[in-house]
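To start, the structure itself, in structure tokens.
The values are calculated or read from the model by the stated rules, or taken from the named source; none is laboratory data. No experiment lies behind these values; they were computed from the predicted model shown. Every residue, glycine among them, receives a Cβ derived from its backbone with ideal geometry; neighbour counts consider all protein chains shown. In case anyone asks, the SASA skips ligands and DNA or RNA and just uses the protein heavy atoms, side chains included. Shrake-Rupley method; radii C 1.70, N 1.55, O 1.52, S 1.80 Å.
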Amino acid sequence: MAKVLVVTSGKGGVGKTTSTAALGAALAKAGKNVVVVDFDVGLRNLDIVMGAERRVVFDMINVIQGDAKLSQALIRDKRVETLSILPASQTRDKDALTSEGVEKIIAELREKFDWVICDSPAGIERGASLAMHHADVAVIVTNPEVSSVRDSDRIIGLLDSKTERATRGERIEKHLLLTRYDPVRAARGDMLKTEDVLEILSIPLLGIIPESQEVLRASNLGTPVVLSNPEAAPSRAYADAARRLMGEQVPMTVPGEKTSLFGKLFGRRVA
Amino acid sequence: MAFVLSPDAPLSNWIVELDAQIERSATFFAGRPIVVDLSGIPETDPGLGTLFDELRARGIRVIGTEGLDGLTPAIQSVGGPLIGGRPLGLYEVPDDPPDEPPAPEPTSMVLDEPVRSGQTILFPQGDLTINGSVASGAEIMAGGSVHVYGVLRGRAIAGVTGNQQARIFCNRLDAELISIDGLYMTAEDMDAFRGKSIMARLEGSSIIITEIS
């Protein structure tokens, strides 16, 4: 039975697109048929992070308006054959999305794939609400700082009231993904500690992704970080998170960066 | 045992009184065998011919008559005079039992889920209790008192219907704003009590916060 997962946050710039690509790639590497869907109409980024921006012919709006079939718009990843992307339009905006159109696309994607991962735009309006509407599972991406936490709380409230599942009286599975976590700053008190975030949001923790320069490197290369550098700390954290999504019990750790001996001697900050 | 109805003349007036009785005791006559004692009715009373039709129309089951010697067609239609009855005395027809009073409206509401940012809970009928925390950016409002068994980070507004006795209770105060019956206090003025278990109430025109254990 296919699962529709929405990666959402409320706040912008916290790591939704990065996480969508990473979790999608990790699940596909584990053998699942995965499609990642970009709901950020007009400001699309998922195609860049996935390295597909030079192969986009048709997008989701074309499919909604009947200019193309879904199979023409889907782009298969070159590195992992069970991974595909459905890009968003760059020339239109969120008003071009219709709920009937999205419903049809999600229904068709459910038949072709095991996991349909919807990359939500920031905010709480149409793009975000359509991205979450058909979800069975939600991953709420949060940075350990106050603005992000409050926005995530708002999004959780909307997940519990405005989704298809909520209106039917069913629960939507919610998971917290803490991203851009810097243990040094958390210890200093500049950033919220994990326990503080969990206490405020009261949803189960899916994973802690440490802040890392690898993420920017990977998106410049047009590759999800788990594929560009699987041994890096964020990649290992995303791989663990994907395993938890598939139901495995994986003990929660914050993967530390491997610092060289020179790094320790010269006191370089954990990168 | 049958009941005896003893109409008085004129029958038309008596029918009106009977209707009043039926109004008060609608269930009494259902299924009961009734004997009509016609000794108070002269044979010339115009209502006699239609009496039994009127009674039948009101659901009164007449099984016979007594007290009138003549055998009119009307009397024959209900079986004629009965013999062998023994009077047992007067019977006061009881009024129907009063209707069940409607179930009382609830005057308190309890929620077991945390209140999320952006959500507003309004319960003007009475006290509101949250078994959980209230997030920053959320609002809870009650006509009575507000109780938060968790951290209060949002806004709590008590006594919205004009109730000066309403109070605000919480396990941990971190509120953005509290208000009782229109008077309010913002987070800046609550610094002394941040993080504590408190009760807030109105004294005159100020909100007084006291720590509770």
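Values computed for the structure shown
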| read-out | value |
| --- | --- |
| Any chance B:Val35 is of a type outside the set (Lys, Arg) and part of a strand (DSSP E or B) | yes |
| Residue in segment B:176-195 that is part of a loop (DSSP other than H, G, I, E, B), more than 34 Å from the chain's Cα centre (by Cα) and surrounded by fewer than 15 Cβ atoms within 10 Å (Cβ to Cβ) present | yes |
| Residue check, B:Leu128 within 13 Å of chain A (Cβ to nearest Cβ) and open to solvent by less than 50 Å² (accessible area, probe 1.4 Å) | no |
| Enumeration of residues in segment B:29-46 that are open to solvent by less than 30 Å² (accessible area, probe 1.4 Å) and in contact with a helix residue (DSSP H, G or I) (Cβ under 8 Å, 6 or more places away or on another chain) | B:Phe29, B:Ile34, B:Val36, B:Leu38, B:Ile41, B:Asp45 |
| Condition check for A:Glu173: under 18 Å from the mean Cα position of the chain (by Cα) and surrounded by fewer than 18 Cβ atoms within 10 Å (Cβ to Cβ) | yes |
| Filter result (away from chain B (no Cβ under 14 Å) and either touching a helix residue (DSSP H, G or I) at 6+ places or on another chain (Cβ under 9 Å) or part of a helix (DSSP H, G or I) (or both)) within segment A:150-169 | A:Glu164, A:Arg165, A:Thr167 |
| Residue, most open to solvent (accessible area, probe 1.4 Å), within segment A:190-234, restricted to residues that are within 14 Å of chain B (Cβ to nearest Cβ), assigned to a helix (DSSP H, G or I) and touching a helix residue (DSSP H, G or I) at 6+ places or on another chain (Cβ under 9 Å) | A:Asp196 |
| Positions within segment A:99-130 being open to solvent by 50 Å² or more (accessible area, probe 1.4 Å) and of a type outside the set (A, V, I, L, M), in sequence order | A:Ser99, A:Glu100, A:Glu103, A:Lys104, A:Glu108, A:Arg110, A:Glu111, A:Lys112, A:Asp114, A:Glu125, A:Arg126 |
| Pairs where the first residue, in segment B:47-65, is over 14 Å from B:Ala2 (Cβ atoms) and touching a residue at least 12 places away in the same chain (Cβ under 8 Å) and the second is open to solvent by 40 Å² or more (accessible area, probe 1.4 Å) and outside any helix (DSSP H, G or I), C-beta under 7 Å, 6+ apart | B:Gly47/B:Pro10; B:Gly59/B:Ala30 |
| Meets criteria (acidic (Asp, Glu), within 14 Å of another protein chain (Cβ to nearest Cβ) and farther than 19 Å from B:Leu202 by Cα) for B:Asp112 | yes |
| Matching residues in segment B:15-32 - criterion: being in contact (Cβ under 8 Å) with a residue 12 or more places away in the chain and assigned to a helix (DSSP H, G or I) | B:Ile15, B:Leu18, B:Asp19, B:Gln21, B:Ile22, B:Arg24 |
| Options A:Ala241, A:Ala186: the member that is open to solvent by less than 20 Å² (accessible area, probe 1.4 Å) and modelled with pLDDT of 95 or more | A:Ala241 |
| In segment A:176-193, the residues that are touching a Pro at 6+ places or on another chain (Cβ under 8 Å) and within 17 Å of A:Ser147 (Cβ to Cβ) | A:Leu176, A:Leu178, A:Arg180, A:Tyr181, A:Asp182, A:Ala186, A:Met191, A:Leu192, A:Lys193 |
| Enumeration of residues in segment A:101-122 that are in contact with a Lys or Arg (Cβ under 9 Å, 6 or more places away or on another chain) and assigned to a helix (DSSP H, G or I) | A:Arg110 |
| Odd one out for B:Ile157 among (1) under 25 Å from A:Val146 (Cβ atoms); (2) more than 14 Å from chain A (Cβ to nearest Cβ); (3) crowded, with 19+ Cβ neighbours inside 10 Å; (4) more than 33 Å from the chain's Cα centre (by Cα) | (4) |
| Residues located in segment B:9-20, provided they are at pLDDT below 85, under 23 Å from B:Pro87 (Cβ atoms) and either under 36 Å from the mean Cα position of the chain (by Cα) or open to solvent by 30 Å² or more (accessible area, probe 1.4 Å) (or both) | B:Ala9 |
| B:Glu100 vs. criteria part of a loop (DSSP other than H, G, I, E, B), over 38 Å from the mean Cα position of the chain (by Cα) and among the charged types (D, E, K, R) | no |
| A:Ala186 part of a helix (DSSP H, G or I) and more than 14 Å from chain B (Cβ to nearest Cβ) | yes |
